[in-house]
Structure formats: structure tokens, C-alpha cells
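Enquirer: Below you'll find the structure I mean.
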Amino acid sequence: MWQGIWTTSTTGQFYRKIEPVISRNIKYTRQNRVRETTITRLRFGKCRLNEYLAKLNVTDSTKCAQCKAAVETVEHFLLLTNLLTY
């Protein structure tokens, strides 16, 4: 029943791409609360990236501050961060 509701819901689309099947598993446990909060915010797409801030009317642009071309989504941020560290 819960899976049917999750699959047909109009909300939570970002997280549904990451977690399409409902499970009772704990996703992430860490002693460091700051890291756990950051990871959870990234998983839900509710973080201080321009795509989300533009939805809240905090910023005018959805563009990435680093590359100035792409929309600053969680996926873009994580890929860009990985490219910059290598």
C-alpha cells in the first residue's frame, strides 16, 4: 500500500529518483550531526544550491556560481565538486 502511494505521489519526485522502492533501512548513520544533516539535505534536494534558492525567491539565477552555464542542481554540484578535487 505504501509503495503504491509513494509511486503515484506528485511530491517527493527528486528523492523518488534516488530511492524508488520504500525500505525500512536506515540510510545513513554518523556520529557527526553536521555531516548527517548535510547529506540528508542533499538527498532531499533542500539545500543552499541556486536551483532550490530560486524556488524560494532568495536568488534570481539558477545557474552554477562556478561554471556559470549549468543549472546548479544537487547532481551538478556533486559532479563539479568531484571534478575539482581530482
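Enquirer: Restricting attention to the range 59-82, which residues are part of a loop (DSSP other than H, G, I, E, B) and in contact (Cβ under 8 Å) with a residue 12 or more places away in the chain? Write out each step before concluding.
Expert: Filtering the range 59-82 down to residues part of a loop (DSSP other than H, G, I, E, B) leaves 59-62, 64-70, 72-73.
If the condition is that a residue be part of a loop (DSSP other than H, G, I, E, B) and in contact (Cβ under 8 Å) with a residue 12 or more places away in the chain, then Thr62, Cys64, Ala65, Gln66, Cys67, Glu72, Thr73 are the ones that fit.
Enquirer: Do we find a residue being at pLDDT below 85 and of a type outside the set (D, E, K, R) anywhere in the range 54-71?
Expert: Looking for residues that are at pLDDT below 85 and of a type outside the set (D, E, K, R), one finds none in the range 54-71, hence no.
Enquirer: Just to be sure I understand, how many residues within the range 27-53 are modelled with pLDDT under 90 and among the acidic types (Asp, Glu)?
Expert: So the answer is 1.
Enquirer: Now, a different point. Which of the residues belonging to the range 32-80 are more than 12 Å from the chain's Cα centre (by Cα), hydroxyl-bearing (Ser, Thr, Tyr) and closer than 19 Å to Lys17 by Cβ?
Expert: Result: Thr62, single match.
Enquirer: Further question: Within the range 1-49, which residues are exposed (fewer than 10 other Cβ atoms within 10 Å of the Cβ) and in a helix (DSSP H, G or I)?
Expert: Answer for the range 1-49, where residues must be exposed (fewer than 10 other Cβ atoms within 10 Å of the Cβ) and in a helix (DSSP H, G or I): Trp2, Gly4, Ile5, Thr8, Gln13, Arg33, Val34.
Enquirer: Condition (residue is β-branched (Val, Ile, Thr), without any contact (Cβ under 8 Å) to a residue 12 or more places away in the chain, surrounded by 10 or more Cβ atoms within 10 Å (Cβ to Cβ) and touching a helix residue (DSSP H, G or I) at 6+ places or on another chain (Cβ under 9 Å)) applied to the range 50-58: is it met by at least one residue?
Expert: yes
Enquirer: Being closer than 30 Å to Met1 by Cβ and out of contact with any Phe, Trp or Tyr (no Cβ under 7 Å at 6 or more places or on another chain) narrows it down to one residue among Val71, Val21, Val34; which is it? If you could, list the steps in order and put the result at the bottom.
Expert: Details: Val71 fails: closer than 30 Å to Met1 by Cβ; Val34 fails: closer than 30 Å to Met1 by Cβ.
Only one candidate qualifies: Val21.
Residues checked against (1) out of contact with any Leu (no Cβ under 6 Å at 6 or more places or on another chain); (2) not assigned by TED's automatic domain parsing to the domain that holds Arg16:
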| position | (1), (2) |
| --- | --- |
| Ile39 | yes, no |
| Tyr52 | yes, yes |
| Ser61 | yes, yes |
| Glu72 | no, yes |
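The values are calculated or read from the model by the stated rules, or taken from the named source; none is laboratory data. These figures come from a predicted structure and were not determined experimentally. We place every Cβ from the backbone using ideal geometry, glycine too, and count neighbours over all the protein chains shown.
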